[in-house]
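Structure record follows, encoded as structure tokens.
The values are calculated or read from the model by the stated rules, or taken from the named source; none is laboratory data. No experiment lies behind these values; they were computed from the predicted model shown. Quick reminder, even Gly has a Cβ in these numbers, built from the backbone with ideal geometry, and neighbours come from all protein chains shown.
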Amino acid sequence: MRLVLLGAPGAGKGTQAAFLRERNEGVHVSTGDIFRKNLKEETPLGLEAKKYMDQGALMPDELVLKMVSARLSEPDAEQGFLLDGFPRTVAQAEFLEKFLSEHGKKLDAVLLFGVDDELLVKRLSNRRTCRSCGNIFNLLAMHEHDDKVKCPSCGGELYQRDDDNEAVIRNRLKVFHDQTEPLIDFYKAKNLLKVVNAEAEDTPEMVYGRVKAALNLK
Ligand code: ADP
Ligand code: ZN
């Protein structure tokens, strides 16, 4: 399948992408992950990206589009892809439409994960990632509030992303409302939008049940 996962930072896009990934619904393309990988390897793209990421601002479209079109042109993206963190602006969405139609392809659906802002701040401040396996966890869900916790999947070290601190989180949410929310109407008009409720008390598995229902998957 060719899907776009749309939703504010912390809405659970990466977690749901991991579920879909397990059923081979396509490669997971997370622009944020690609930028962080470049940053870790200190590539020119990574060093440029850092300036924006540290402030929770968007990277210039030009850089993002070059990177995404390269990624989607790789052979493994032929079977399908789950776009996570892209598109984030109307210009990016228009580019994607054009890129796909030039390759005789189109999106199957756009999943919108709806979550309230205050919950997002709480979730993101408690989000940790495993350095070894890359899995994402939430300290609240683990009933743990300190950083000494090890990864439940592999025992690796959990770390907090630099941009998961409250000031930067608030800015990322503002950027989402200002620049990404217009995509909701953009995709609604194309009849591609499917809304998935992703609220507080719901476990990732419950949300995944709704994702499958929205996509008519068993
Ligand atoms: P979030 O949890 O905020 O969704 P991501 O991991 O998707 O975080 O992205 C982290 C940062 O990478 C963003 O705050 C932004 O600086 C940059 N970024 C990621 N995707 C895009 C994009 N499509 N356009 C512009 N900047 C992006
Ligand atoms: Zn791990």
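Taking the range 102-115, which residues are out of contact with any Asp or Glu (no Cβ under 7 Å at 6 or more places or on another chain) and touching a residue at least 12 places away in the same chain (Cβ under 8 Å)?
Narrowing the range 102-115 to residues out of contact with any Asp or Glu (no Cβ under 7 Å at 6 or more places or on another chain): 102-114.
If the condition is that a residue be out of contact with any Asp or Glu (no Cβ under 7 Å at 6 or more places or on another chain) and touching a residue at least 12 places away in the same chain (Cβ under 8 Å), then K105, K106, L107, D108, A109, V110, L111, L112, F113, G114 are the ones that fit.
Of everything in the range 171-192, what is in contact with a helix residue (DSSP H, G or I) (Cβ under 7 Å, 6 or more places away or on another chain) and either under 12 Å from G7 (Cα atoms) or loosely packed, with under 12 Cβ neighbours inside 10 Å (or both)? Give them in sequence order.
Initially, the range 171-192 is screened for residues in contact with a helix residue (DSSP H, G or I) (Cβ under 7 Å, 6 or more places away or on another chain), giving 173, 182-183, 186.
Once the filter is applied, which keeps residues that are in contact with a helix residue (DSSP H, G or I) (Cβ under 7 Å, 6 or more places away or on another chain) and either under 12 Å from G7 (Cα atoms) or loosely packed, with under 12 Cβ neighbours inside 10 Å (or both), the range 171-192 yields L173, P182, L183.
For the range 117-138, how many residues are assigned to a strand (DSSP E or B) and more than 16 Å from ligand 2 (Cβ to nearest atom)?
Filtering the range 117-138 down to residues assigned to a strand (DSSP E or B) leaves 127-130, 136-138.
Checking which are more than 16 Å from ligand 2 (Cβ to nearest atom) leaves us with none.
Result for the range 117-138: 0.
Is the range 133-149 home to any residue that is touching a helix residue (DSSP H, G or I) at 6+ places or on another chain (Cβ under 7 Å), of a type outside the set (K, R), crowded, with 17+ Cβ neighbours inside 10 Å and closer than 29 Å to Y52 by Cβ? So far as the range 133-149 goes, yes, one or more of its residues are touching a helix residue (DSSP H, G or I) at 6+ places or on another chain (Cβ under 7 Å), of a type outside the set (K, R), crowded, with 17+ Cβ neighbours inside 10 Å and closer than 29 Å to Y52 by Cβ. Applying the condition of being over 24 Å from P9 (Cβ atoms) and among the polar types (S, T, N, Q) to the range 78-103 and asking which residue is nearest to ligand 2 (Cβ to nearest atom) yields Q79. The numbered conditions (1) within 15 Å of V4 (Cα to Cα); (2) at pLDDT 90 or above; (3) buried (at least 19 other Cβ atoms within 10 Å of the Cβ) are all true for E25 except (2). Looking across the range 140-167, the residues that are modelled with pLDDT of 85 or more and among the aliphatic types (A, V, I, L, M) come down to L158, A167.
Hand me the list of helices (runs of 4 or more DSSP H) wholly inside the range 15-116 holding 2 or more residues that are polar (S, T, N, Q). Spell out how you get there, then give the answer.
Details: elements: 31-40, 44-53, 61-72, 90-102.
Here the list reads 31-40, 90-102.
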